[in-house]
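Working notes, structure below.
The values are calculated or read from the model by the stated rules, or taken from the named source; none is laboratory data. Note that the structure is predicted; figures quoted are calculated from it, not measured. Positions of Cβ are backbone-derived with ideal geometry, glycine not excepted, and every protein chain shown enters the neighbour counts.
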Amino acid sequence: MSRFGPARCLEGMSEHNTRHRVVVLGGGYAGTVAANRLRIRDDVDISVVNPRAEFVDRVRLHQFVAGTAEATVGYESLLGAGIELVVDSATRIDAAARRVQLGSGAALDYDYLVYAVGSGSAIPESVPGAAEFAVPVGEWESAQRVRSELERLPRSAPVTVVGSGPTGIETAAELAEQGWAVTLICGGTTMPSLGGPGRRYVGKWLAEHGVTVLEGERVGEVRPDAVLLAGGAERASALTIWTTGFGVPELAAASGLRTDELGRLLTDETLTSVDDERIVATGDAAAPSGRPLRMSCQGAGPLGAQAAETVLSRIAGTEPKRIDLALTGTCLSLGRRVGIRQLARRDDIPVKLYIGGRMGARIKEMTCDLGVAKIRREARTPGSLRWVKGGPRPEQPARTLRAGSPA
Ligand SMILES: Cc1cc2nc3c(=O)[nH]c(=O)nc-3n(C[C@H](O)[C@H](O)[C@H](O)COP(=O)(O)OP(=O)(O)OC[C@H]3O[C@@H](n4cnc5c(N)ncnc54)[C@H](O)[C@@H]3O)c2cc1C
């Protein structure tokens, strides 16, 4: 365990009775915003636990693998004064004792816990060879592996990207623009986050840049140098990159807390765990009412702010507010010069309109820059983050889809 910030004894603190101790698990978009916003009060001691000493700007990982951008940022400018960064991983939450066990063997006590462990890549066990021979781009360590594998290969080597969600499309496009011979295997659904015209626009760009797009084809097996399609056809693949969706850490379920079927912590509409009022979940790892929002950086910042507001309300003895944000469509980069901003209704359903070309690329670039800029601003001025509201969601009882299993 290493840390920067004020050195202090974490257990048996004498100020425990007068100060409020909040531990934030995960220093991504949601966790950093939550930690910074908690500084609205000056009687809160805040620790952020994160496995790395640097923030991973995940929205740039497809660029990182293609060598067109770096994807890490130092926490010095992202965490406000006085916030302690604990470089470690939480291994278990003991809700009854209000204590988090860390991989290093240390433990942190808390008055409130913000569960912001985010998401990562998910490779299905059902596809033989996928876990052994395919590499995902959705998290830092695997993205580093993809980059170093690419550095070993000639540009003519066949590269396969599996999955045609935003991560798959952006990765295929970024690599194709850099001269790689890319095949995109779409699976059942092609570019689900885009409307019809947006899909056609992206399809045309990919075709013009030499990407072989296999719509409706699924991967049945991955081998070290090939993929086998579900229909039996074999395609050479020097590197297979897996992007079919995100999974979440098992921490909540392994700690006996209720989750949805993916493992996101089940909360009410104030982001409070249905099992424990002292635990608040946010970002990709939260499932409010069992109806999680689309996993996104767009949602993670506002959800981080709302998680902090819930903790601040509980400290103040006031009723926390229900979440209120609107996700309004995605933007994708198609290499460095072109992008697409898919317009959507306030409920995130894509419409026919989109902004493409250089303007689409500028919007995407600005959106990525803003993700980090907003964290910095919240670090300097807690409470500054604003977002598009969609109105509170209709009340529904929280659906428990999977009971946690005490470790
Ligand atoms: C290539 C790519 C492009 C993307 N583009 C976009 C985009 O254009 N727009 C958009 O809205 N979204 C985009 N996303 C999705 C977006 O990055 C995620 O939805 C977002 O990162 C979620 O934020 P978060 O704070 O919930 O989690 P994360 O950013 O995943 O942060 C969670 C943090 O918690 C840490 N953690 C995990 N387990 C533990 C533990 N046990 N103890 C302590 N810490 C732990 C993780 O290491 C990580 O640092 C993209 C994702 C990828 C991979």
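Residues that are in contact with a Phe, Trp or Tyr (Cβ under 6 Å, 6 or more places away or on another chain), on the phi < 0 side of the Ramachandran plot and not polar (S, T, N, Q), at least 2 per element: which strands (runs of 3 or more DSSP E) completely within the range 119-216 meet that?
Numbers: elements: 134-136, 158-162, 181-187, 212-215.
Qualifying strands (runs of 3 or more DSSP E): 134-136, 158-162.
Condition first: near the ligand (Cβ under 9 Å from one of its atoms) and not β-branched (V, I, T). Can you find one or more residues in the range 77-89 that meet it? Spell out the reasoning first.
Quick first cut of the range 77-89, residues near the ligand (Cβ under 9 Å from one of its atoms) only: 86, 88-89.
Then keep just the ones that are not β-branched (V, I, T); that gives 88-89.
Yes, the range 77-89 contains a residue that is near the ligand (Cβ under 9 Å from one of its atoms) and not β-branched (V, I, T).
In this structure, is G339 without any contact (Cβ under 8 Å) to a residue 40 or more places away in the chain, within 12 Å of the ligand (Cβ to nearest atom) and crowded, with 22+ Cβ neighbours inside 10 Å? Give the derivation first.
Numbers: without any contact (Cβ under 8 Å) to a residue 40 or more places away in the chain: yes; within 12 Å of the ligand (Cβ to nearest atom): yes; crowded, with 22+ Cβ neighbours inside 10 Å: yes.
Answer is yes for this residue.
Matching residues to (1) modelled with pLDDT under 95; (2) in a strand (DSSP E or B); (3) closer than 21 Å to I375 by Cα; (4) out of contact with any Ser or Thr (no Cβ under 8 Å at 6 or more places or on another chain):
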position: G12; (1), (2), (3), (4): yes, no, no, yes
position: N36; (1), (2), (3), (4): no, no, yes, yes
position: D42; (1), (2), (3), (4): no, no, yes, yes
position: S47; (1), (2), (3), (4): no, yes, yes, yes
position: T68; (1), (2), (3), (4): no, no, no, yes
position: E76; (1), (2), (3), (4): no, no, yes, yes
position: A81; (1), (2), (3), (4): no, no, yes, yes
position: A97; (1), (2), (3), (4): no, no, no, yes
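Only strands (runs of 3 or more DSSP E) wholly contained in the range 228-311 count here; list those with 3 or more residues that are within 30 Å of L184 (Cβ to Cβ).
Numbers: elements: 234-236, 239-242, 265-267, 279-281, 286-288.
Strands (runs of 3 or more DSSP E) meeting the threshold: 234-236, 239-242.
Which of the residues belonging to the range 37-56 are closer than 18 Å to D284 by Cα and either more than 8 Å from the ligand (Cβ to nearest atom) or not assigned by TED's automatic domain parsing to the domain that holds S255 (or both)?
Residues of the range 37-56 closer than 18 Å to D284 by Cα: 48-51, 55-56.
Across the range 37-56, the qualifying residue is only V48.
Report yes if T310 is within 12 Å of the ligand (Cβ to nearest atom), hydroxyl-bearing (S, T, Y) and not assigned by TED's automatic domain parsing to the domain that holds Y201, otherwise no. Spell out the reasoning first.
Values: within 12 Å of the ligand (Cβ to nearest atom): no; hydroxyl-bearing (S, T, Y): yes; not assigned by TED's automatic domain parsing to the domain that holds Y201: yes.
Answer is no for this residue.
Looking only at the range 114-159, how many residues end up being basic (K, R) and more than 23 Å from G210 (Cα to Cα)?
Counting residues in the range 114-159 that are basic (K, R) and more than 23 Å from G210 (Cα to Cα) gives 1.
For the range 217-227, which positions are under 17 Å from G188 (Cβ atoms) and part of a loop (DSSP other than H, G, I, E, B)?
Matches in the range 217-227: E217, R218.
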